[in-house]
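Some notes on the structure that comes next.
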Amino acid sequence: MERFVVQPASPLSGTVAVQGAKNSALKLMAAALLTTGTTRLYRVPDITDVTIMSEVLTAIGATVAREEDGALAITTPETLIPIAPYELVEKMRASVVVFGPLLARHGFARVSLPGGDDFGHRPIDIHLRAFGELGATFITEHGYVEGRCERLVGKELVFDFPSHTATDNVLMAAVLAKGTTVIENAAREPEVQDLAALLTSMGAKISGAGTSRIEIEGVDALMPVSHVTIPDRVEAATYLGAVGIAGGSIVLNGACASDMDMLLEKLVAMGMEIEREHDSITASASSRLRSVDISTLPYPGVATDYKPLLVTMLSVASGVAIASENVFAGRFGYIDELRRMGADITVEGHHAIVRGKLRLSGAQVRARDIRAGAALVLAGLVADGTTTISGVEHIDRGYERFTEKLRGIGVDIVREV
Ligand code: UD1
């Protein structure tokens with residue numbers, strides 16, 4: 001089992017190149033199933049989740065290869081094998097985003113039902129209800145959902161909740177439907193806009209992506225294209241968290257500040273200095289952070305993926321803060337690990353009360369999901385003694401060259417086998 005070994009940090013300095021957005025790249029890859037031929041995606045991060053999505057696409061009959069210039073080339077044949085098997089969906093629930101493209105392209109999809117995970121119960125009812133309204137019928141047996149349809153027919157849909165992945169999935173189904181689909185209460189995340197941008201360049205007719213009302217006029221066919229993935233705002237937030245905790249000044253090259261407005265406002269309220277450029281952010285911290293309350297919400301609110309990072313920052317800030325989780329009720333698993341490092345955090349329902357301490361205490365801790373793992377690495381920067389983080393395979397799912405990038409800004413971290 002590999003582990004990260006982290007030592008307390010001095011103020012950080014240097015530059016980090018921000019990777020392409022994981023939560024965009026995975027959906028862009030699925031969108032390649034809507035065409036016949038080769039789609040080339042640039043700035044797709046080299047992370048385990050991309051490897052798993054490549055395996056899903058390969059199981060479906062596509063070929064996936066990295067080309068010399070870094071492009072991820074996905075070649076989709078005329079005929080697909082429209083099945084997403086349990087072994088892969090179990091490893092990565094985002095695999096369910098092949099459902100929409102397969103229904104649209106093939107009129108049939110058999111996708112393993114994702115189970116619960118460390119965030120708690122995670123249903124896909126919003127996806128299935130929407131596909132049903134567009135004309136698909138379903139049977140669920142042996143742990144799989146099987147959907148069938150003739151050509152989907154556009155309709156006005158209203159989502160119960162602005163689910164990010166459901167918006168992506170339904171968008172990819174609706175682009176080839178007959179007639180016009182409207183998604184009301186759609187997710188507004190920048191990654192949804194990125195997917196809509198790819199689909200539009202493939203020939204889809206979409207308006208309103210990035211707002212809560214997306215209108216899609218179905219077309220008969222889409223063409224493969226090349227596309228550059230947007231930067232990863234959660235990866236960028238992780239390095240911002242590192243400098244907030246350890247002090248110093250770093251530059252995030254390629255970061256998109258306008259996708260991170262609410263977070264950057266919170267970081268400024270905590271005492272960090274943030275300078276925004278067209279495609280970079282310079283962040284500095286010269287004194288101990290101040291506590292501020294945070295409350296997660298769908299975009300443009302503070303993303304739930306930032307929360308483990310923010311709670312770690314609050315655990316060493318001056319004062320008391322309430323961090324409320326409004327997206328995933330069960331997303332508090334990492335708090336027990338932070339407590340093992342001496343953090344003073346009490347959980348009441350979906351609120352965490354964080355009483356800032358001057359320093360934490362290095363310990364052996366376990367990463368249970370991607371962001372929780374990154375948050376424990378941040379905690380190690382401000383903990384006395386050595387912090388050893390196991391479960392690094394979770395961190396590898398979302399972070400490209402994590403230890404190298406951290407070492408580049410002065411963090412003492414090694415990967416031990
Ligand atoms: C995506 C991101 C994840 C991020 C989350 C919220 C990817 C691969 N993952 O996850 O990193 O934390 O957005 O920004 O993009 N829900 C239902 N029924 C559904 C779908 C969702 O009840 O059919 C609920 C979920 O249980 C959760 C809430 O809606 O409570 C938000 O989930 P959703 O926006 O769908 O998150 P994901 O798209 O799965």
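In summary, LEU152 fulfils each of the numbered conditions (1) surrounded by 15 or more Cβ atoms within 10 Å (Cβ to Cβ); (2) more than 22 Å from SER24 (Cβ to Cβ); (3) within 16 Å of the ligand (Cβ to nearest atom) with the single exception of condition (3).
Matching residues to (1) away from the ligand (no atom under 16 Å from the Cβ); (2) in contact with a Gly (Cβ under 6 Å, 6 or more places away or on another chain):
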{"position": "LEU310", "(1), (2)": "no, no"}
{"position": "VAL320", "(1), (2)": "yes, no"}
{"position": "LYS357", "(1), (2)": "yes, no"}
{"position": "LEU360", "(1), (2)": "yes, yes"}
{"position": "ILE409", "(1), (2)": "yes, yes"}
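Residues in the range 356-388 that are under 15 Å from LEU309 (Cα atoms) and out of contact with any Ser or Thr (no Cβ under 6 Å at 6 or more places or on another chain): LEU360, ALA367, ARG368, ASP369, ILE370, ARG371, ALA372, GLY373, LEU376, VAL377, LEU381, VAL382.
The residues listed here are ALA237, ALA255, ALA323, ALA242; of these, the one that is crowded, with 19+ Cβ neighbours inside 10 Å and either assigned to a strand (DSSP E or B) or among the β-branched types (Val, Ile, Thr) (or both) is ALA323. Scanning the range 17-76 for residues that are crowded, with 19+ Cβ neighbours inside 10 Å and on the phi > 0 side of the Ramachandran plot gives a single hit, ARG43.
Among the conditions (1) away from the ligand (no atom under 15 Å from the Cβ); (2) outside any loop (DSSP other than H, G, I, E, B), LEU176 misses just one, which is (2). No other residue among MET53, MET92 is without any contact (Cβ under 8 Å) to a residue 60 or more places away in the chain and either in the same structural domain as ARG371 (by TED's automatic domain parsing) or within 24 Å of SER163 (Cα to Cα) (or both) apart from MET53. You will find that of ASP194, ASP160, ASP168, the residue that is of a type outside the set (Ser, Thr, Tyr), under 30 Å from SER258 (Cβ atoms), assigned to a loop (DSSP other than H, G, I, E, B) and within 13 Å of the ligand (Cβ to nearest atom) is ASP160 and no other. Annotation note: of GLU400, GLU404, GLU416, the sole residue that is free of Cβ contacts under 8 Å to residues at least 12 places away in the same chain and either out of contact with any helix residue (DSSP H, G or I) (no Cβ under 6 Å at 6 or more places or on another chain) or farther than 16 Å from LEU310 by Cβ (or both) is GLU404.
The values are calculated or read from the model by the stated rules, or taken from the named source; none is laboratory data. Just so you know, these numbers come straight off a predicted model, no measurement behind them. FYI the Cβ positions are ideal-geometry reconstructions off the backbone, even for glycines, and counts take in every protein chain you see.
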